[in-house]
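S.K.: One structure, as structure tokens, below. Some questions next.
The values are calculated or read from the model by the stated rules, or taken from the named source; none is laboratory data. Everything numeric in this text was worked out from a predicted model, so none of it was measured. Heads up, the Cβs are rebuilt from the backbone with ideal geometry, glycines too, and the neighbour counts pull from every protein chain shown.
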Amino acid sequence: MARPAISVESLTQEEAAAELARLAEEIAGHDRRYHAEDAPTVSDAEYDALKLRNAAIEARFPKLMRDDSPSRAIGAAPSGAFAQVRHSRPMLSLDNVFTDDDVVDFVASVRRFLSLAPEAELVFTAEPKIDGLSMSLRYENRRLVTAATRGDGTTGENVTANIRTIGEIPQQLPKDAPDIVEVRGEVYMRRDDFFDLQKRMAETGQTFANPRNSAAGSLRQKNPEVTKSRPLKFFAYAWGEASEPLGTTQYDVVQRLGDWGFRINDRMVRCGSTEELLRRYHEIEAERAELPYDIDGVVYKVDRLDLQERLGFRSRSPRWATAHKFAAEKAITVLKAIDIQVGRTGAMTPVARLEPVTVGGVVVVNATLHNEDYIKGIGNSGQPIREGRDIRVGDTVIVQRAGDVIPQILDILPEKRPPNSAPYVFPDRCPVCGSHAVREEGEAVRRCTGGLICSAQAVERIRHFVSRNAFDIEGLGEKQIEFFFNSDKAALKIAAPADIFTLRRRQEALPATLDGSLERLENIDGFGAVSVKKLFDAIDIRREVALSRFVYALGIRHIGETNAKRLARHFLSFEALRKAAEAAKMPEGKGDPGNAEWQEIVGVNGIGGIVAEALVDFFAEAHNREAVDALLAAGVTPLDEEPVAAVSSPVAGKTIVFTGSLEKMSRDEAKAMAERLGAKVAGSVSKKTDLVVAGPGAGSKLKQATEFGVEVIDEDQWFERIGHNA
Ligand code: IVH
């Protein structure tokens, strides 16, 4: 862990008291961001460093321990305090761009996707990106019926009672509003209101770090009366489900939301070119400090809704919008040490331990150094970075923090390098288990080969398993997992995920004679009867889990959330997925088609050979199958996925190949369109291809299609077939 600037030993009582106050506030902020808002701004290691520092100061000055000391609390606001709401349309997030060049690229990618001629007009809206929390307000028959937080984008928390206390949110919409409409936007707190609230709350000792946390904390109150006493506001800027079209452009629909009584942002404008977007960005940036609320960038959206629809979505963000974030903040500090963190796949990541420094209001003590080559001054494709300068312990470094991204070291100040410094030698053994660490040809990452014997990997696998997008078990943080993992008591040990689900049983089976013993969780420092019950409840409610979360939690290489969802949607049940994965024989050599199960897996939309191989490899290992069996035996039930209502379209279920040049749409749009209509788009023609759409210049694929007797149509016929009038 990083040692702080002033050692605890040399703190005066006054300094200690001031620092404990600051730490209490800062840690409470991190707790809220992590537990309540699902948006941590520091790494776990940084968070731990703060907690350790707090504990060390308290150990030296026990009398100074505050009532709101972070050592008194375990976890934060209970999730589960609010009922869950499934969003009828997912609440997506936005891609970020940072530079003017990125904006040029964004506009170009939109034009390319739409196959727009160079002279064709393309209008965007530009508006401030409000730093609050997003909210979906559902109106049925013009009455507010549900208000939900974003949550993981699919499911949020029902905060209707609290939202009803916000005066400026209409409870009732006018007659011209549709029967069903979901109005989306940002709940926020003005800066002056935030400062007033801070003053009011100062006596209670519980304050918030910034307006955003304050808005989030105020909304997540069990008692709506408390929320009512907080000055919350709401900007409407988007919508979800609507029983009838709300308009034809983004701009007009937002104005309409304004007409219905919602506050809308008066800085939203239409821009007809990249230059105009950038000009607006710089104007808003210049006004930033004077705006009464916090913003962290400018959002650009394609104005025409028909174009938005054509552009559609990637897995978590729309293609038709992006957030242009304000510049990252930088600071200069000293690199005190480089530690190696071992991840669940054995990947060894170098972490910079820094002399604490404030970057844009946040104390940074750790930053990522990416990988071995990055430290040496070598980029991803072998090219020199930082003009080839390496990074050494003792160097004075430039740290950058952009939004909620982990801080990174950008460069060093060569003139400040101590004369006796030595190049950093990346370890060739795992610092945790001592196994060899190897770097495979073409890989940037060095990995520990310890596998099952490496405790760091085991702990990281469990952390991944309980993480937010996997099993999402409240109360099992890094500290607790390490405690359970390192315990040598049979009733406490958690060596693998399945043990989480037998913990309660093992604890309850302890004989009464052990009531005061350290085998019992409630006797252990930091737990206590209430938090033990909370933990058991948090585990129990996750015994039934969405199939995609279950698959993601297994931590199979290359299977992140998106691929887990793809597999879940295709196989619908864990049994079916597992059966296919276990039966799939890997293709022996290139070009070998493998068996039917292998074909089925690689045939899942978006799943390619590498992912399929990782999946099959996983189930080929006996210890992985045992770990899965143990989970099922411990009562974990992956819920079957609801089959997605089959898209009824003339091409649903068909395999289509596009070839030659297309004139009315780009290749990407053609693919996205076909997939929306339930078809699968393949890159090459085989006997299984149902349809080839060939434009001018089609060559070998067209020939193969004729050979295999596959139906061939042109672009116009394609539009006729799917019912568009091209
Ligand atoms: S549009 C499908 N507009 O930024 C796109 N989002 O980073 C929906 N946000 O989750 C979002 N101001 O909470 C949009 N003017 C604005 C926004 C805005 C703030 C937030 C929102 C979203 C996040 C994405």
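S.K.: Considering region 437-470 alone, what residues qualify as being in contact with a strand residue (DSSP E or B) (Cβ under 6 Å, 6 or more places away or on another chain) and either free of Cβ contacts under 8 Å to residues at least 24 places away in the same chain or hydrophobic (A, V, I, L, M, F, W, C) (or both)?
M.R.: A437, V445, C448, C454, A456
S.K.: What tally of residues in region 108-140 results from selecting those that are away from the ligand (no atom under 12 Å from the Cβ), surrounded by 21 or more Cβ atoms within 10 Å (Cβ to Cβ) and either in a loop (DSSP other than H, G, I, E, B) or free of Cβ contacts under 8 Å to residues at least 24 places away in the same chain (or both)?
M.R.: Qualifying residue count for the region: 0.
S.K.: For the subset of region 217-251 comprising residues that are among the charged types (D, E, K, R) and within 16 Å of the ligand (Cβ to nearest atom), which member is surrounded by the fewest Cβ atoms within 10 Å (Cβ to Cβ)? First the steps, then the outcome.
M.R.: Initial filter on region 217-251 (among the charged types (D, E, K, R)): 220, 222, 225, 228, 230, 233, 241, 244.
From what's left, within 16 Å of the ligand (Cβ to nearest atom): 220, 233, 241.
Working: R220: 24, K233: 20, E241: 13.
Among them, the one singled out is E241.
S.K.: May I ask you to say which residue of E582, E575, E561, E544 is more than 29 Å from the chain's Cα centre (by Cα) and not hydrophobic (A, V, I, L, M, F, W, C)? Even if it seems obvious, please write down each step before you answer.
M.R.: On the way: E575 fails: more than 29 Å from the chain's Cα centre (by Cα); E561 fails: more than 29 Å from the chain's Cα centre (by Cα); E544 fails: more than 29 Å from the chain's Cα centre (by Cα).
Exactly one residue qualifies, and that residue is E582.
S.K.: I'm checking my understanding of the structure. Among residues of region 482-497 that are in a helix (DSSP H, G or I) and surrounded by fewer than 21 Cβ atoms within 10 Å (Cβ to Cβ), which one is farthest from the chain's Cα centre (by Cα)? Let's see the steps before the verdict.
M.R.: Residues of region 482-497 in a helix (DSSP H, G or I): 482-486, 497.
Then keep just the ones that are surrounded by fewer than 21 Cβ atoms within 10 Å (Cβ to Cβ); that gives 482-486.
Details: E482: 24, F483: 26, F484: 27, F485: 26, N486: 29 Å.
Top of the filtered list is N486.
S.K.: Given I295, I340, which one is at pLDDT 90 or above, buried (at least 17 other Cβ atoms within 10 Å of the Cβ) and within 16 Å of the ligand (Cβ to nearest atom)? If you could, list the steps in order and put the result at the bottom.
M.R.: Working: I340 fails: within 16 Å of the ligand (Cβ to nearest atom).
Step by step, each of I295, I340 is checked, and only I295 is at pLDDT 90 or above, buried (at least 17 other Cβ atoms within 10 Å of the Cβ) and within 16 Å of the ligand (Cβ to nearest atom).
S.K.: Does N210 satisfy being modelled with pLDDT under 90 and within 16 Å of the ligand (Cβ to nearest atom)? Walk me through how you get there before you give the answer.
M.R.: Values: modelled with pLDDT under 90: yes; within 16 Å of the ligand (Cβ to nearest atom): yes.
So N210 passes the test.
S.K.: Let me ask something else. Going through V405, V363 one at a time, which residue ends up being closer than 30 Å to D95 by Cβ, part of a strand (DSSP E or B) and modelled with pLDDT under 90?
M.R.: Values: V405 fails: part of a strand (DSSP E or B).
Result: V363 is the single residue among V405, V363 that is closer than 30 Å to D95 by Cβ, part of a strand (DSSP E or B) and modelled with pLDDT under 90.
S.K.: Of everything in region 541-567, what is of a type in the set (G, A, S) and at negative phi? Give them in sequence order.
M.R.: Selection gives A546, S548, A553, G560, A564.
S.K.: For region 52-87, which residues satisfy the criterion of being part of a loop (DSSP other than H, G, I, E, B) and at pLDDT below 75? So that I can check it myself, show each step before the final result.
M.R.: Taking region 52-87 first, the residues part of a loop (DSSP other than H, G, I, E, B) are 61, 65-69, 73-83, 87.
Once the filter is applied, which keeps residues that are part of a loop (DSSP other than H, G, I, E, B) and at pLDDT below 75, region 52-87 yields D67, D68, S69, A73, I74, G75, A76, A77, P78, S79, G80, A81.
S.K.: Restricting attention to region 141-153, and to residues there that are closer than 18 Å to A81 by Cα and touching a residue at least 24 places away in the same chain (Cβ under 8 Å), which single residue is farthest from the ligand (Cβ to nearest atom)? Reasoning before the result, please.
M.R.: Our first condition is that a residue be closer than 18 Å to A81 by Cα; within region 141-153, this holds for 146-152.
Remaining after also requiring touching a residue at least 24 places away in the same chain (Cβ under 8 Å): 146, 148-152.
On the way: T146: 18, A148: 13, T149: 10, R150: 6, G151: 11, D152: 12 Å.
Per the criteria, the residue is T146.
S.K.: Now, a different point. Does G272 satisfy the condition of being closer than 21 Å to G297 by Cα and touching a residue at least 60 places away in the same chain (Cβ under 8 Å)? Show your work before the answer.
M.R.: Values: closer than 21 Å to G297 by Cα: yes; touching a residue at least 60 places away in the same chain (Cβ under 8 Å): yes.
In short, yes.
S.K.: State all residues of region 298-332 that are within 14 Å of the ligand (Cβ to nearest atom), of a type in the set (D, E) and part of a helix (DSSP H, G or I); if no residue qualifies, say none. Steps first, please.
M.R.: Pass one, region 298-332, residues within 14 Å of the ligand (Cβ to nearest atom): 298-303, 305, 308-309, 311-326.
From what's left, of a type in the set (D, E): 303, 309.
Once the filter is applied, which keeps residues that are within 14 Å of the ligand (Cβ to nearest atom), of a type in the set (D, E) and part of a helix (DSSP H, G or I), region 298-332 yields only E309.
S.K.: Also: Considering only residues that are among the charged types (D, E, K, R), more than 17 Å from the chain's Cα centre (by Cα) and over 22 Å from C271 (Cβ atoms), which ones fall in region 306-330?
M.R.: Of everything in region 306-330, those that are among the charged types (D, E, K, R), more than 17 Å from the chain's Cα centre (by Cα) and over 22 Å from C271 (Cβ atoms) turn out to be E329, K330.
S.K.: Condition check: in a helix (DSSP H, G or I) and surrounded by fewer than 20 Cβ atoms within 10 Å (Cβ to Cβ). Does R506 satisfy that?
M.R.: On the way: in a helix (DSSP H, G or I): yes; surrounded by fewer than 20 Cβ atoms within 10 Å (Cβ to Cβ): yes.
When the stated conditions are applied, R506 passes them.
S.K.: Residue by residue through region 635-675, note down the ones that are β-branched (V, I, T) and modelled with pLDDT of 85 or more.
M.R.: Quick first cut of region 635-675, residues β-branched (V, I, T) only: 636-637, 644, 647, 651, 655-657, 659.
Result: V636, T637, V651, T655, I656, V657, T659.
S.K.: Can I ask one more? From the set of residues in region 379-397 that are in a strand (DSSP E or B) and modelled with pLDDT of 95 or more, which is surrounded by the most Cβ atoms within 10 Å (Cβ to Cβ)? I'd like the intermediate steps shown before the answer.
M.R.: The initial filter retains those residues of region 379-397 that are in a strand (DSSP E or B), namely 384, 396-397.
Those still in the list that are modelled with pLDDT of 95 or more too: 396-397.
Values: T396: 17, V397: 25.
In this case the residue turns out to be V397.
S.K.: Take residues that are within 23 Å of V459 (Cβ to Cβ), free of Cβ contacts under 8 Å to residues at least 40 places away in the same chain and not aromatic (F, W, Y) and tell me which of the helices (runs of 4 or more DSSP H) falling wholly in region 515-589 contain 1 or more. Spell out how you get there, then give the answer.
M.R.: Working: elements: 528-540, 547-553, 561-571, 574-583.
Of the helices (runs of 4 or more DSSP H) lying wholly inside region 515-589, those with at least 1 residues that are within 23 Å of V459 (Cβ to Cβ), free of Cβ contacts under 8 Å to residues at least 40 places away in the same chain and not aromatic (F, W, Y) span 528-540, 561-571.
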